[in-house]
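Notes follow the structure.
The values are calculated or read from the model by the stated rules, or taken from the named source; none is laboratory data. If you're wondering where the values come from, they're calculated on a predicted model, not measured in any experiment. Here the Cβ is made from the backbone with ideal geometry for all residues, glycine too, and neighbour counts use every protein chain on show.
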Amino acid sequence: MVEKVGDVWTWYDSITNITKAVLPVQEHLNYPIGRQTWDIKDPVCGQESGKRQLTLSPCTAGEFTCTDGTCISFARRCDLKFDCGDKTDESFCDIVNFPGDYRSKLPPRPVSDLSLPISVNVSMDTINIDTTTMLISVSYNLHEIYLGWGSSHLTVEVYRGDTNPVSTTRKYSTVFTCNFDLVLYPFDIQTCSMQLQIQSASSEYLIFNSNDSYAQYLGQKFLIEYGIGLIDLQVDNAMQYSEMKVRIELIRRYGYAMLNIYIPSLTLLIISYVTLFFRPTIFEVRVMTALTALLVLATLFTQVSTSLPKTSYFKMVDIWLLFCIVLIFFIIIFHTIIDFHVDYSNTGAPLSSKGWVGTSQRSSGSNIVKVTPVGGNTKSGDEDMNNLSINFLKVRFDAKFYINLSKLTMFLVFFVFNITYWGTLAVGSGLVYYY
């Protein structure tokens with residue numbers, strides 16, 4: 001029983017008439033309700049004599065008692081707004097109250113032989129990829145939930161720690177290396193892993209719970225250079241310290257490469273191929289056009305190489321550009337062969353189906369070559385046989401023959417290469433990918 005005796009409030013046992021505690025009367029308090037400092041005279045409830053803070057509350061279940069004795073709803077406790085008149089509803093708002101002997105680096109002793117499972121939720125906000133340095137910057141929120149036997153020496157609010165899950169949420173910004181495989185560049189698909197490891201305790205005490213853990217990306221799905229594909233988690237609790245890998249699938253967006261590499265190089269290749277249809281007598285124009293295309297293509301190849309990491313293997317873009325360079329090189333070789341078989345002494349004559357057939361009939365003191373049709377007059381005897389053999393060879397390997405051969409050969413090589421090249425990319429690359 002509590003009653004006012006003189007200038008003090010007295011708490012005494014009505015059966016034994018022993019005074020348990022006293023509280024000096026305060027002018028601003030009409031009743032000793034609320035959270036007050038009492039002077040315990042007789043040990044009670046396991047408390048020795050001395051000053052102790054006791055609470056006499058008129059509040060009902062679901063209400064919080066302010067220090068001055070007023071009552072507010074528990075929902076208004078620690079809501080970043082003052083609701084109590086003495087503002088005590090925003091005091092002692094720590095989620096977990098640690099005892100003085102608590103050590104954060106040591107896990108509590110388990111009540112069983114089972115390891116404490118930890119559920120981890122990784123929510124990534126931003127991802128920045130640098131292909132040149134092979135570095136990936138990730139900003140993510142890490143939400144950890146501790147379940148199971150809990151802590152035997154922690155309390156959450158008014159409950160023991162082993163009766164409530166304890167969760168923490170932290171925001172991290174991490175930079176990690178991903179070894180890109182650029183063989184299929186710019187149609188490659190990269191799989192990068194971000195490794196998380198529990199280092200505060202071994203797997204005998206703490207393990208990852210793979211069933212309740214997940215990873216997700218909350219940002220823009222299509223980045224400047226990549227698209228975000230599948231994201232999953234892999235848990236390994238067999239090691240000394242439990243590990244978790246967050247795997248991120250990156251699909252390269254090849255639109256930039258098509259506009260700046262493939263279409264320009266294909267245009268240069270077509271220009272070089274068109275030179276095979278120029279008149280055979282304008283050798284300088286044919287060769288200069290092909291050489292110019294070759295130089296521009298070599299410059300493009302150099303620019304592409306400097307914008308990518310140096311690799312010891314060929315990338316698909318390297319194979320394409322090297323093919324274009326080699327094809328233009330052979331076009332120039334064909335121009336040289338055609339020019340070798342062109343007769344410039346009679347450039348006004350059209351190129352017949354039999355070509356230019358020249359006989360080495362020279363006048364004294366001059367270098368004039370007389371051109372006669374293949375079906376012209378022949379000499380008799382051995383001289384006729386020799387001329388017939390020479391004419392036969394010249395009909396087969398004349399300028400028109402090499403012109404037609406170059407056109408057909410270059411087209412077939414280009415066609416076969418493209419079927420092989422794009423057919424290879426259609427399987428297992430980012431050329432055809434469904435998000």
Only listed residue being out of contact with any Leu (no Cβ under 9 Å at 6 or more places or on another chain) and under 23 Å from GLU243 (Cα atoms), chosen from SER203, SER213: SER203
Give, as residue ranges, the strands (runs of 3 or more DSSP E) completely inside the range 38-93 that count at least 1 residues that are exposed (fewer than 12 other Cβ atoms within 10 Å of the Cβ) and either out of contact with any Cys (no Cβ under 7 Å at 6 or more places or on another chain) or in contact (Cβ under 8 Å) with a residue 24 or more places away in the chain (or both). 50-56
Unique residue being closer than 30 Å to THR168 by Cα and among the basic types (Lys, Arg) when the list is LYS20, LYS81: LYS81
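One line per residue, one yes/no per condition, for (1) β-branched (Val, Ile, Thr); (2) touching a His at 6+ places or on another chain (Cβ under 7 Å); (3) modelled with pLDDT of 80 or more:
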| position | (1), (2), (3) |
| --- | --- |
| GLY46 | no, no, no |
| ARG52 | no, no, yes |
| THR60 | yes, no, yes |
| CYS66 | no, no, yes |
Checked pairs for the range 243-262, first more than 19 Å from ASP181 (Cβ to Cβ) and at pLDDT 90 or above, second acidic (Asp, Glu) and not in a helix (DSSP H, G or I), C-beta under 7 Å and 6 or more apart or across chains, list as GLU243/ASP236
Restricting the range 257-281 to residues that are out of contact with any helix residue (DSSP H, G or I) (no Cβ under 6 Å at 6 or more places or on another chain) and farther than 28 Å from MET316 by Cα, which is surrounded by the fewest Cβ atoms within 10 Å (Cβ to Cβ)? PHE277
Just checking, does the range 291-303 include any residue being within 29 Å of THR191 (Cβ to Cβ) and not basic (Lys, Arg)? yes
Could you go through the range 94-109 and let me know if any residue there is out of contact with any helix residue (DSSP H, G or I) (no Cβ under 9 Å at 6 or more places or on another chain), on the phi > 0 side of the Ramachandran plot and either surrounded by 14 or more Cβ atoms within 10 Å (Cβ to Cβ) or not assigned by TED's automatic domain parsing to the domain that holds VAL304 (or both). no
Counted residues, the range 398-434 - those being outside any loop (DSSP other than H, G, I, E, B) and hydroxyl-bearing (Ser, Thr, Tyr): 6
What residue, of SER115, SER104, SER119, SER91, is at pLDDT below 90 and farther than 27 Å from ASP212 by Cα? SER91
Out of (1) at pLDDT below 65; (2) under 30 Å from SER307 (Cβ atoms), the odd one out for ILE129 is which? (1)
State all residues of the range 267-282 that are touching a residue at least 24 places away in the same chain (Cβ under 8 Å) and either among the acidic types (Asp, Glu) or out of contact with any Ser or Thr (no Cβ under 6 Å at 6 or more places or on another chain) (or both); if no residue qualifies, say none. LEU268, LEU269, SER272, TYR273, PHE277, PRO280
Please tell me if ALA290 is more than 13 Å from the chain's Cα centre (by Cα), farther than 30 Å from SER115 by Cβ and not charged (D, E, K, R). yes
One residue from GLN234, GLN240 being in the same structural domain as ILE136 (by TED's automatic domain parsing), modelled with pLDDT under 95, assigned to a strand (DSSP E or B) and not charged (D, E, K, R): GLN234
Restricting attention to the range 195-210, does a residue exist that is in the same structural domain as VAL122 (by TED's automatic domain parsing), crowded, with 19+ Cβ neighbours inside 10 Å, within 12 Å of VAL120 (Cβ to Cβ) and among the small types (Gly, Ala, Ser)? no
Just one of the numbered conditions (1) surrounded by 14 or more Cβ atoms within 10 Å (Cβ to Cβ); (2) part of a helix (DSSP H, G or I) is not true of GLU284; which one? (1)
Among the residues of the range 307-332, how many are in a loop (DSSP other than H, G, I, E, B) and crowded, with 17+ Cβ neighbours inside 10 Å? 1
